[in-house]
Structure formats: C-alpha cells, structure tokens
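K.L.:
First the structure, which I've put down as structure tokens, then a few questions once you've had a look.
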Amino acid sequence: MSYTVLIVEDTRELAEIIQLILGKHDIITTFTEADGQAAIERFREVKPDLVLLDLNLPDMRGWHVLDELKRISDEEDDINMPKVVITTAYGDPANKVMGKLQEIVTYLVKPFKPSEVEKVVMESLGIE
C-alpha cells in the first residue's frame, strides 16, 4: 500500500525537511504547497491520505483551508476527507479546542523534532 501526504507550509526550508523525513519511507509520496489556494488545488489533484497543515499561510488561515477541504470532500464523490495534522508555532488552548471541533488528528507545535513528525505521520496513516 502507498500513501500520499500533502505538506502545506509556507516556510520552504521546513517543508523540504519534512519532505526529506517522510521521503525515506518508500510507501509515502509527498507534495508541498506554500499557500492555501495552491494547497486546495493540489488537494483536488492528488487526493492525499494525510495533510500537514500550517495555520499561518500568506493568503489565508489554515482553518479556512481546512473548511475548503471538507467542502470539496463532501461535494465530490471521488475525494475523501484526509486525516489532518495541524503544524503551528501556536500551541495555545484556543487553537487546540478549535482543532478538536474540526476533528483534526493532532498538533505538531513548532519547532518539532524530525522524530516527532515521523511518529505522528506514521501513526496517523496507521503504518507500523
């Protein structure tokens, strides 16, 4: 089985690091986008199993991107809602409550360690 992960991160270096971490697993294919609108378009194209979603993007909030992903997956028969992991520098309680309401899998609070990214992604995808 293979999995697709969409990394939505406006810091290019961090996106590349996450891509390298996940790239060592042959069963994971990654795509990266640096802004919300591009991420929404790529979502339609690649139909990911998991989205790593930054909350602070240059063109819109990550919560708005999440709302759009949900809308698209509800409206289009061939697109399922992926699991979503929020990546943010803000691990405050308000964002965590919002995440629970939005049914995200978990948070990765920046700065995070490579091992944390790998663990969260593998667990989220159900990979042993």
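Read the figures in this text as sums done on the coordinates, not as results from a lab. Owing to the predicted nature of the structure, the values given are computational and were not obtained by experimental measurement. Reconstructed Cβ throughout: ideal geometry from the backbone, glycine too, with neighbour counts over all protein chains shown.
K.L.:
Gain in length, THR29 to GLU116, computed as 0.36 nm per residue apart minus the alpha-carbon separation, to one decimal in nm? Walk me through the numbers on the way to the answer.
P.N.:
On the way: separation 87, 0.36 × 87 = 31.32 nm, distance 1.84 nm.
Gain in length upon complete extension: 29.5 nm.
K.L.:
What distance in nm separates the two pseudo spin-label positions at LEU20 and ASN56, each 7 Å out from Cα along the beta-carbon direction?
P.N.:
The two pseudo-label positions are separated by 2.3 nm.
K.L.:
Can you tell which of PHE31, VAL46, ILE21 lies farthest toward the positive end of the dipole of the chain, using +1 and -1 charges on the Cβ of basic and acidic side chains (Lys, Arg; Asp, Glu)?
P.N.:
My answer, from the dipole projection, is ILE21.
K.L.:
Mind checking which of PRO58, PHE112, TYR3 is farthest towards the positive end of the chain's charge dipole, using Cβ charges of +1 (Lys, Arg) and -1 (Asp, Glu) about the Cα centre?
P.N.:
The residue sitting farthest along the positive end of the dipole is PHE112.
K.L.:
Please compute the net charge surrounding THR87, taking Lys and Arg as +1 and Asp and Glu as -1 over other residues with Cβ under 11 Å from its Cβ. Provide the component values of the computation, followed by the final result.
P.N.:
Details: positive: LYS110; negative: GLU9, ASP10, ASP54, GLU116.
Neighbour charge sum, excluding THR87 itself: -3.
K.L.:
Moving on. Using unit Cβ charges (K, R positive; D, E negative) and no other charged atoms, how large, in debye to the nearest 20, is the dipole of the chain about its Cα centre? Mind dumping the intermediate values first?
P.N.:
On the way: 14 positive and 25 negative charges, 93 e Å.
Computed charge dipole of the chain: roughly 440 debye.
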